[in-house]
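What follows is a short report on a single structure.
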Amino acid sequence: MYDGIVQELIDEFGRLPGVGPKSAQRITFHILQTPSFDVSRLAELLAEVRNRVRFCEICGNVSEQERCAICRDARRNQTIICVVEDAKDVAAIERTREFRGLYHVLGGSISPIANRGPDDLRITELMGRLADGTVQEVILATNPNLEGEATATYLSRLLTSMSIQVTRLASGLPVGGDLEYADEVTLGRAFEGRRSAI
Ligand SMILES: [Zn+2]
């Protein structure tokens, strides 16, 4: 334990996801001991990110405008939508450079344990996007774990009645993990080898 404000800062960093007490202490001391560390720049960015960043009104990705850069890009293939759980997954898939279509961020997965059902996800918004017949294929790229599988199964059942091709990423992704932790090559291959989900 440290005196007053130093401990307060360590505790605050420790509340961030993935930051344990040791890392929180390391970050705090890095800031304390590095005169060149630009504290005001960091403070400014934190405030700005809160103010400026929102979620795209179409796909739910993070964006500084009403529509994200991907939805605004007319060169993207408008006939294919990749459905993911989280905006972090969009970034992971973009890094593979395998996919040039659009995305739809669900905002989570179906999870009885977390008391999260289909109504808590952006499924109505997805159905709305499919209504005009432009979209020919929906890729279900939920996480390769139980909840992600349950969500994909739910969605594929929901989409069977529509004349849309529904595909799943090929196996080979680390089971039980999150999409965002898969390396680019593996994720890229999973895209190329996607198969029909129905
Ligand atoms: Zn968007």
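The values are calculated or read from the model by the stated rules, or taken from the named source; none is laboratory data. All of these numbers come straight from a predicted model, not from anything done at the bench. All Cβ positions, even for glycine, are placed from backbone atoms using ideal geometry, and neighbour counts span all protein chains on display.
Output the number of residues of the stretch 68-86 satisfying the condition of being assigned to a loop (DSSP other than H, G, I, E, B) and among the β-branched types (Val, Ile, Thr). Working first, answer last.
Of all residues in the stretch 68-86, those assigned to a loop (DSSP other than H, G, I, E, B) come to 68, 73-79, 85-86.
From the residues that got through so far, the ones that are among the β-branched types (Val, Ile, Thr) too are 79.
Residues flagged as assigned to a loop (DSSP other than H, G, I, E, B) and among the β-branched types (Val, Ile, Thr) within the stretch 68-86 amount to 1.
For Lys22, only one of the following conditions fails: (1) away from the ligand (no atom under 14 Å from the Cβ); (2) outside the structural domain of Glu137 (by TED's automatic domain parsing); (3) of a type outside the set (A, V, I, L, M, F, W, C); (4) within 21 Å of Glu180 (Cα to Cα). What is its number?
Going through (1) away from the ligand (no atom under 14 Å from the Cβ); (2) outside the structural domain of Glu137 (by TED's automatic domain parsing); (3) of a type outside the set (A, V, I, L, M, F, W, C); (4) within 21 Å of Glu180 (Cα to Cα) one by one, Lys22 breaks only (4).
Restricted to the stretch 37-88, and to residues that are of a type in the set (Val, Ile, Thr) and over 18 Å from Gly107 (Cα atoms), which residue is surrounded by the most Cβ atoms within 10 Å (Cβ to Cβ)? Spell out the reasoning first.
Going through the stretch 37-88, the residues of a type in the set (Val, Ile, Thr) turn out to be 39, 49, 53, 58, 62, 70, 79-81, 83-84.
From the residues that got through so far, the ones that are over 18 Å from Gly107 (Cα atoms) too are 39, 49, 79-80.
Numbers: Val39: 9, Val49: 11, Thr79: 14, Ile80: 20.
Per the criteria, the residue is Ile80.
Just to be sure I understand, how many residues within the stretch 93-107 are more than 10 Å from the ligand (Cβ to nearest atom) and crowded, with 20+ Cβ neighbours inside 10 Å? Full working, then the answer.
Filtering the stretch 93-107 down to residues more than 10 Å from the ligand (Cβ to nearest atom) leaves 93-101, 106-107.
Narrowing further to those that are crowded, with 20+ Cβ neighbours inside 10 Å: 93, 99, 106.
Matching residues across the stretch 93-107 total 3.
Looking at (1) of a type outside the set (Gly, Ala, Ser); (2) more than 17 Å from Ala197 (Cα to Cα); (3) at pLDDT 95 or above, which is the one condition that is false for Asp178?
(3)
Residue-by-condition table, conditions (1) assigned to a helix (DSSP H, G or I); (2) of a type outside the set (Ser, Thr, Tyr); (3) within 15 Å of the chain's Cα centre (by Cα); (4) assigned by TED's automatic domain parsing to the domain that holds Leu9:
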residue: Ile27; (1), (2), (3), (4): yes, yes, no, yes
residue: His30; (1), (2), (3), (4): yes, yes, no, yes
residue: Glu44; (1), (2), (3), (4): yes, yes, no, yes
residue: Gly60; (1), (2), (3), (4): no, yes, yes, no
residue: Gln65; (1), (2), (3), (4): no, yes, no, no
residue: Lys88; (1), (2), (3), (4): yes, yes, yes, no
residue: Ala92; (1), (2), (3), (4): yes, yes, yes, no
residue: His104; (1), (2), (3), (4): no, yes, yes, no
residue: Gly107; (1), (2), (3), (4): no, yes, yes, no
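If I go through the stretch 67-86 residue by residue, how many of them are over 14 Å from the mean Cα position of the chain (by Cα), more than 9 Å from the ligand (Cβ to nearest atom) and not hydrophobic (A, V, I, L, M, F, W, C)?
The total comes to 6.
Tell me which residues, restricted to the stretch 109-135, are part of a loop (DSSP other than H, G, I, E, B) and over 16 Å from the mean Cα position of the chain (by Cα).
Within the stretch 109-135, Pro112, Ile113, Ala114, Asn115, Gly117, Ala131, Asp132, Gly133, Thr134, Val135 meet the criteria.
Each row is one residue, and each column tells you yes or no for (1) over 30 Å from Ala131 (Cβ atoms); (2) at pLDDT below 95; (3) among the acidic types (Asp, Glu).
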{"position": "Tyr2", "(1), (2), (3)": "yes, yes, no"}
{"position": "Ile10", "(1), (2), (3)": "yes, no, no"}
{"position": "Gly14", "(1), (2), (3)": "yes, no, no"}
{"position": "Gly20", "(1), (2), (3)": "yes, yes, no"}
{"position": "Phe37", "(1), (2), (3)": "yes, yes, no"}
{"position": "Glu48", "(1), (2), (3)": "yes, yes, yes"}
{"position": "Arg54", "(1), (2), (3)": "no, yes, no"}
{"position": "Cys59", "(1), (2), (3)": "no, no, no"}
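Which numbered condition trips up Ile27, out of (1) under 28 Å from Leu179 (Cα atoms); (2) exposed (fewer than 13 other Cβ atoms within 10 Å of the Cβ); (3) at pLDDT 95 or above?
(2)
I need the full set of residues from the stretch 121-143 which are hydroxyl-bearing (Ser, Thr, Tyr), surrounded by fewer than 15 Cβ atoms within 10 Å (Cβ to Cβ) and in contact (Cβ under 8 Å) with a residue 24 or more places away in the chain, in order please.
The initial filter retains those residues of the stretch 121-143 that are hydroxyl-bearing (Ser, Thr, Tyr), namely 124, 134, 142.
Now restrict to residues that are surrounded by fewer than 15 Cβ atoms within 10 Å (Cβ to Cβ): 124, 134.
Correct list: Thr134 only.
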